[in-house]
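Structure, as structure tokens:
The values are calculated or read from the model by the stated rules, or taken from the named source; none is laboratory data. Note that the structure is predicted; figures quoted are calculated from it, not measured. Glycine also receives a Cβ, built like all others from the backbone with ideal geometry; neighbour counts cover every protein chain displayed.
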């Protein structure tokens, strides 16, 4: 949004529209003309902001990352302990408003880009590594004073990351909350989170 006028900029309308369409329909099934039409802009405006559809997707994923990480941080911010922060991550993950009903948008996009060296795959890896690093930082605080080595904390973060990712992938498939609830029970036991 433009800070002076309070109006959504053309670029922002493009990003918001494309983010929604890419998530709902997939990258390959969403054409530039559809994005332009739904955003209500001229074709020349698209090319004034983005050279390619992939450039637009990368911007969408980067912006979604910033929004998601801010949401997660706000959701867990007032937790009384690192253990409660971990539990709140599962609550956040189980909320369809947080993650959507079509699964992880990053994994969805990665599945459409087979080249492991593509820019889209790089953004997906960056996003997932950022999330895993946040988990590591939370667990480092949780295990502080409990004789855990840096390597053990890193391993625990990888395990927690896989639990969260598995729950995120399984929940939309089963259209229910048991994957998140089960993953939380495993995490509570595995990382002595208390209940």
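Have a look at 165, 159 and point out the one that is under 19 Å from the mean Cα position of the chain (by Cα) and either more than 18 Å from residue 86 (Cα to Cα) or touching a residue at least 40 places away in the same chain (Cβ under 8 Å) (or both). Walk me through how you get there before you give the answer.
Working: 159 fails: either more than 18 Å from residue 86 (Cα to Cα) or touching a residue at least 40 places away in the same chain (Cβ under 8 Å) (or both).
Result of the check over 165, 159: 165.
Counting only residues that are in a helix (DSSP H, G or I), surrounded by fewer than 18 Cβ atoms within 10 Å (Cβ to Cβ) and in contact with a helix residue (DSSP H, G or I) (Cβ under 7 Å, 6 or more places away or on another chain), how many does the range 23-48 have?
Selection size over the range 23-48: 5.
List every residue pair whose Cβ atoms lie under 8 Å apart, where the two residues are 6 or more positions apart in sequence or sit on different chains, the first residue falls within the range 172-184 and is more than 13 Å from residue 92 (Cα to Cα) and outside the structural domain of residue 103 (by TED's automatic domain parsing), and the second residue, located anywhere, is surrounded by 14 or more Cβ atoms within 10 Å (Cβ to Cβ) and modelled with pLDDT of 80 or more.
Once the first residue is more than 13 Å from residue 92 (Cα to Cα) and outside the structural domain of residue 103 (by TED's automatic domain parsing) and sits in the range 172-184, no partner that is surrounded by 14 or more Cβ atoms within 10 Å (Cβ to Cβ) and modelled with pLDDT of 80 or more comes close enough.
Residues to consider are 61, 56; find the one that is in the same structural domain as residue 131 (by TED's automatic domain parsing), modelled with pLDDT of 95 or more and over 19 Å from residue 129 (Cβ atoms). If you could, list the steps in order and put the result at the bottom.
On the way: 61 fails: over 19 Å from residue 129 (Cβ atoms).
So the residue among 61, 56 that is in the same structural domain as residue 131 (by TED's automatic domain parsing), modelled with pLDDT of 95 or more and over 19 Å from residue 129 (Cβ atoms) is 56.
Among the numbered criteria (1) over 15 Å from the mean Cα position of the chain (by Cα); (2) farther than 30 Å from residue 141 by Cβ; (3) surrounded by 14 or more Cβ atoms within 10 Å (Cβ to Cβ), which single criterion is violated by residue 79?
For residue 79, the failing item is (2).
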